[in-house]
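The values are calculated or read from the model by the stated rules, or taken from the named source; none is laboratory data. The structure presented is a predicted model; accordingly, all values stated were derived computationally and were not measured. In this analysis, Cβ positions are derived from the backbone assuming ideal geometry, glycine residues included, and neighbour counts consider all displayed protein chains.
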Amino acid sequence: KAFAPEFYYDTYSPLWQNRPRVYGYKLQWTQMNPGAVDRIMAYRLGIRQTGQQRWWEQEIPVEGNIQKGELITHNLTELIRPEAYVVRLTPISRFGEGDSTTRFITYSAPTNPHLREFVCSFEEEPVCLFTQDKNDDFDWTRHSAATRDTKYTPNTGPSGDRSGARQGFYMYIETSRPRKEGDTARLLSPVFNVAPKNPYSITSPPAYCFSFYYHMYGKHIGSLNAFVKQKGQSTSDAGPVWSLSGNQGDRWRQAKISIHPVSSFQVIFEGIRGPGIEGDIAIDDVTLEEGECPDPPSNPIRGASAHTASSIWPLSVTLFFTVFVHQR
């Protein structure tokens, strides 16, 4: 029978946050003496929460022959935060099951998550590790339409979150007094790690699709800007990748931007107060995924104010900085 596999414990940033209550883990292993027995056709993967008795099992098929030292990868998804798990791995050949090996997986909140898939709908506190910029004029506010006070802003802001639920949460800027025209509020994402690029590779930096929904309704709407700040940059030096100004109607719209960072980076949302109190701007369902953005939304991205030049979709920005600065 086949020898036991050996888990690999030095995986670069193996844990990622899928959604507020769910996390994923990149499981890797090698096979001990794969050539000493008949070909391994699959692995039986068992997983259970610590303290529980029930195992959940699945088979992971293997194509071709496993080489000595070959690193095999399988992504565990839908793990419940903050539960810990026991993982059992058993090789299977035509002679049956081989020796098993087990390991533990524990959750720890990622402070600098490796970017595979990041999804934030602002439904829980803390808000997906987003933070307020301490050097702006005021803060973004987490709110739901079910509890929002519209006494001073009756003709602005959304009537529900992006899904239409009044109980759902989103982030917005409140532009009532004492706010004044030109005041800015900036919301900073966690720092995302980009896997190191092979210095001998001639391929371009990896692509990521940055997507979010925005709501800009009211006759005094100012501007909403999105920036990408790479390692070694100050917030003021971050390059804008998306910008929109003026009243866009009482509806949620989607923006998608392909970015190509060459180092760890943050996404920054900047809301700028317009000339009056009817200028609330909201964002919801922020996502970052590996790969280029698919077909963009049908609505073009335009600035309604006179000083804002129209921009034509798709807006695909490749970011290269001279400052030197990671699934489901």
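From the list Pro20, Pro14, Pro34, which residue is modelled with pLDDT under 95, of a type outside the set (Phe, Trp, Tyr) and closer than 19 Å to Thr102 by Cβ?
On the way: Pro20 fails: closer than 19 Å to Thr102 by Cβ; Pro34 fails: closer than 19 Å to Thr102 by Cβ.
The match here is Pro14.
Provide a single number: the residues in segment 211-249 that are of a type in the set (Lys, Arg) and in a loop (DSSP other than H, G, I, E, B). Walk me through it before giving the result.
Going through segment 211-249, the residues of a type in the set (Lys, Arg) turn out to be 219, 229, 231.
Remaining after also requiring in a loop (DSSP other than H, G, I, E, B): 219, 231.
Qualifying residue count for the region: 2.
I'd like the full set of residues that are of a type in the set (Asp, Glu), surrounded by fewer than 11 Cβ atoms within 10 Å (Cβ to Cβ) and outside any loop (DSSP other than H, G, I, E, B), limited to segment 34-77. Before you say what the answer is, go through the steps one by one.
Quick first cut of segment 34-77, residues of a type in the set (Asp, Glu) only: 38, 57, 59, 63, 70.
Now narrow it down to the ones that are surrounded by fewer than 11 Cβ atoms within 10 Å (Cβ to Cβ): 63.
Selection gives nothing.
Can you confirm whether Thr153 is modelled with pLDDT under 90 and touching an Asp or Glu at 6+ places or on another chain (Cβ under 7 Å)? I'd like the intermediate steps shown before the answer.
Working: modelled with pLDDT under 90: yes; touching an Asp or Glu at 6+ places or on another chain (Cβ under 7 Å): yes.
The answer is yes for Thr153.
I'd like the residue in segment 106-135 that is surrounded by fewer than 17 Cβ atoms within 10 Å (Cβ to Cβ) and at pLDDT 90 or above and, out of all such residues, is farthest from Val87 (Cα to Cα).
Filtering first and then ranking leaves Asn135.
Regarding segment 223-235, can at least one residue be identified that is of a type in the set (Gly, Ala, Ser) and surrounded by fewer than 17 Cβ atoms within 10 Å (Cβ to Cβ)? Spell out the reasoning first.
Step one: list which residues in segment 223-235 are of a type in the set (Gly, Ala, Ser), which gives 223, 226, 232, 234.
With the extra rule that they be surrounded by fewer than 17 Cβ atoms within 10 Å (Cβ to Cβ), the set shrinks to 232, 234.
Yes; the residues of segment 223-235 include at least one that is of a type in the set (Gly, Ala, Ser) and surrounded by fewer than 17 Cβ atoms within 10 Å (Cβ to Cβ).
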